[in-house]
Amino acid sequence: MKDIELAPATLSVWAGEGESLAQGATQVPIVYSAAYGYPDVESWLDVALGRRPGHIYSRNTNPTVHAFEQKVRILEGAAAATSFSTGMAAVSNTLFALLAPGDRVVSVKDTYGGTNQMFVDFLPRIGVQVDLCDTSDHEQIEAAIGEGCRLVYLESPTNPTLKVMDIARLSAAAHEAGALVVADNTFATPINQNPLVLGADLVLHSATKFLGGHADALGGVLCGAPELIAKVYHYREITGASLDPMAAYLLVRSMKTLALRVRQQNENALTIARWLEEQPAVAAVNYPGLETHLHHDVAARQMRGYGGMLSFTLEGGFAAVKRVLPRLRLAHLAANLGAVETLAGVPATTSHVECTVEERAAMGIPEGLIRYSVGIEDAGDLMRDLEQAFAVA
Ligand SMILES: *Cc1c(COP(=O)(O)O)cnc(C)c1O
């Protein structure tokens, strides 16, 4: 059976592991070996020169890491994949490998905080010009792309305001301008959205979030066409932000329940977002699954589910947020997302901790926003927990 004929729930469990299994074990082993030995120079050369599959040195490739890469690759419907020590290593290695001085990048104002720092600080330092557009204004983004650029960087839904970008429309504009499209699919997961199918050239994830889902392993992954992946892989094997085999093992194990977890998180988040809209203490709710969302039509077209992330503001502003958050019993106040446990925080301590107050304001991110990462708990329990916390607002 071809991988593509199997549903995501089946692929989450089975995909990508076969090559890495050893000695009849049904589970992928943690291979902690820095290097791989050969009986003679000829067979060693065969692998080193890519004439035969195999491993040489774990900074480059490793059997446990390979299983993780294959699982995500198959779920994203990609021909190739490579991995990284963190999501930010995936972002930075991709940008540094594909861009050179004089290139121009078009992206949006409210990408993930670390990614934004790449755009406002590290890329300009090496002579790459970056044009950051209003995330909700597709005409402005298309006009910026039309002026010519090397790379278009998309993220949808965005962190933490849950804006939605039309990946098919912006990919078409990018390709007309001869640009490559990179899409950060961390919030959606491959269960809800496949950017490559929509027209993107490369899709990346912070595996730390939904892919891992248990808040215990850091990782990043990039999928796309073999020529592009080879370029970024080469940069990563030389600069060294390789995924650790233990983290890869945890990610492979956790991804077996990815479809199950994400289905529950989609359902919980939609229920809670609808309920939040009715609460007098709540000023505004951001969730792509709500009919009131500016780009709900785009989300409905390109996503199979709307994800486990939502954000909202309270009537009492930042002061109310500071009173309400510590009262939550069923949410870790922590700078992570996508885990089985619900997490809550504000942009200043989570997604945009790297940015100054002024930078957050420029990105259109209110200080009084609560970012709520919905876990797999009972939705009724989560709503009752929010309700008792709002009582102090
Ligand atoms: C967390 C995150 C990243 C960075 O991932 P790390 O694993 O923390 O380095 C990148 N993009 C998005 C959308 C994220 O949420």
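Here 75, 95 are screened, and the one residue that is more than 16 Å from the ligand (Cβ to nearest atom) and of a type in the set (A, V, I, L, M) is 75.
Each residue in region 301-316 was checked for being among the polar types (S, T, N, Q) and modelled with pLDDT under 95, and 1 pass. Of all the numbered requirements in (1) of a type outside the set (Ser, Thr, Tyr); (2) part of a loop (DSSP other than H, G, I, E, B); (3) closer than 30 Å to residue 192 by Cα; (4) open to solvent by 20 Å² or more (accessible area, probe 1.4 Å), residue 19 misses one, and that requirement is (2).
The residues on offer are 77, 54, 87, and the sole one that is in contact with a helix residue (DSSP H, G or I) (Cβ under 7 Å, 6 or more places away or on another chain) and closer than 23 Å to residue 239 by Cα is 54. Residues in region 99-117 that are over 14 Å from the mean Cα position of the chain (by Cα) and open to solvent by 10 Å² or more (accessible area, probe 1.4 Å) were compared, and the one that is nearest to the ligand (Cβ to nearest atom) is 117.
With respect to residue 267, is the statement that it is touching a strand residue (DSSP E or B) at 6+ places or on another chain (Cβ under 8 Å), over 16 Å from residue 71 (Cα atoms) and open to solvent by 30 Å² or more (accessible area, probe 1.4 Å) true? So residue 267 does not fit the description; no.
When you look at residue 28, is it surrounded by 15 or more Cβ atoms within 10 Å (Cβ to Cβ) and in contact (Cβ under 8 Å) with a residue 12 or more places away in the chain, yes or no? Judged against the criteria, residue 28 is a match. Within this structure, residue 45 fails the test of being part of a helix (DSSP H, G or I), hydrophobic (A, V, I, L, M, F, W, C) and touching a helix residue (DSSP H, G or I) at 6+ places or on another chain (Cβ under 8 Å).
Do the conditions hold for residue 15, that is, is it touching an Asp or Glu at 6+ places or on another chain (Cβ under 7 Å), more than 16 Å from the ligand (Cβ to nearest atom) and modelled with pLDDT of 95 or more? In short, yes. For region 177-189, how many residues meet the condition of being under 12 Å from the mean Cα position of the chain (by Cα) and either aromatic (Phe, Trp, Tyr) or away from the ligand (no atom under 14 Å from the Cβ) (or both)? Summing the residues that are under 12 Å from the mean Cα position of the chain (by Cα) and either aromatic (Phe, Trp, Tyr) or away from the ligand (no atom under 14 Å from the Cβ) (or both) in region 177-189 gives 1.
In region 326-373, the residue that is farthest from residue 251 (Cα to Cα) out of those that are open to solvent by 30 Å² or more (accessible area, probe 1.4 Å) and among the hydroxyl-bearing types (Ser, Thr, Tyr) is 356. Residues of region 270-297 that are surrounded by 18 or more Cβ atoms within 10 Å (Cβ to Cβ) and touching a residue at least 24 places away in the same chain (Cβ under 8 Å): 270, 272, 273, 276, 281, 282, 285, 286, 287, 288, 293, 295.
Sort out which residues of region 317-336 are within 16 Å of the ligand (Cβ to nearest atom) and at pLDDT below 95, and write them in order of number. Correct list: 334, 335, 336. Listed by first and then second residue, the pairs with beta-carbon distance under 6 Å, at least 6 apart or on different chains, first residue in region 44-58 and farther than 17 Å from residue 33 by Cα, second open to solvent by 100 Å² or more (accessible area, probe 1.4 Å), are 46/52. Against the condition within 11 Å of the ligand (Cβ to nearest atom), at pLDDT 95 or above and open to solvent by less than 10 Å² (accessible area, probe 1.4 Å), how does residue 174 come out, does it pass? When the stated conditions are applied, residue 174 does not pass them.
In region 34-63, of all residues being over 17 Å from residue 83 (Cβ atoms) and open to solvent by less than 50 Å² (accessible area, probe 1.4 Å), the one that is farthest from the chain's Cα centre (by Cα) corresponds to 43.
The values are calculated or read from the model by the stated rules, or taken from the named source; none is laboratory data. As the structure is a computational prediction, the values presented were derived from the model and not from experiment. We place every Cβ from the backbone using ideal geometry, glycine too, and count neighbours over all the protein chains shown. Side chains included, ligands, DNA and RNA excluded: accessible areas come from the protein's heavy atoms. Shrake-Rupley method; radii C 1.70, N 1.55, O 1.52, S 1.80 Å.
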